[in-house]
Amino acid sequence: MAVRVDMTLCNLCGGCTYICEQEALRIEGDLLLVDEARCQDCGECVKNCAAGALVAA
Ligand code: SF4
Ligand code: SF4
């Protein structure tokens, strides 16, 4: 499983893309994309997103 992004909450700050040690998150245009094959469900990005835009699987 992988985290999910709520794009109604995400402000594309980019913080999570640096936090994720698996490099599973990237911004493309106006979307934050999750590479489900890379995400290890560690929860670090969920804890650190101040906007509450990331939801654990
Ligand atoms: S840290 Fe949160 S608000 Fe910032 S890009 Fe990631 S999901 Fe979006
Ligand atoms: S849960 Fe962990 S591995 Fe998955 S996207 Fe977030 S920081 Fe990366």
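When LEU9 is tested against (1) more than 10 Å from the chain's Cα centre (by Cα); (2) more than 8 Å from ligand 1 (Cβ to nearest atom), just one condition goes unmet, and that condition is (2). Close contacts from the stretch 39-55, counting a first residue that is without any contact (Cβ under 8 Å) to a residue 60 or more places away in the chain and under 11 Å from CYS10 (Cα atoms) and a second that is part of a loop (DSSP other than H, G, I, E, B) and among the polar types (S, T, N, Q), with Cβ to Cβ under 7 Å and a gap of 6+ residues or different chains, come to ALA51/ASN11. Can you run down the residue pairs with Cβ atoms below 8 Å, 6 or more apart or on separate chains, where the first is in the stretch 1-17 and farther than 10 Å from CYS49 by Cα and the partner is in a helix (DSSP H, G or I)? Sorted first by the residue in the stretch 1-17, then by its partner, the pairs are VAL3/CYS45; VAL3/VAL46.
The residues listed here are ALA37, ALA2, ALA53, ALA24; of these, the one that is open to solvent by less than 100 Å² (accessible area, probe 1.4 Å), small (Gly, Ala, Ser) and touching a Leu at 6+ places or on another chain (Cβ under 8 Å) is ALA53. Considering (1) open to solvent by 80 Å² or more (accessible area, probe 1.4 Å); (2) in a strand (DSSP E or B), the lone condition that LEU32 does not fulfil carries the number (1).
The values are calculated or read from the model by the stated rules, or taken from the named source; none is laboratory data. For clarity, every value in this text was computed on a predicted model and none was experimentally measured. Virtual Cβ from ideal backbone geometry, glycine too; neighbours counted across all protein chains shown. When the accessible area is computed, the model is the full protein with side chains, heavy atoms only, and any ligands, DNA or RNA have been set aside. Shrake-Rupley method; radii C 1.70, N 1.55, O 1.52, S 1.80 Å.
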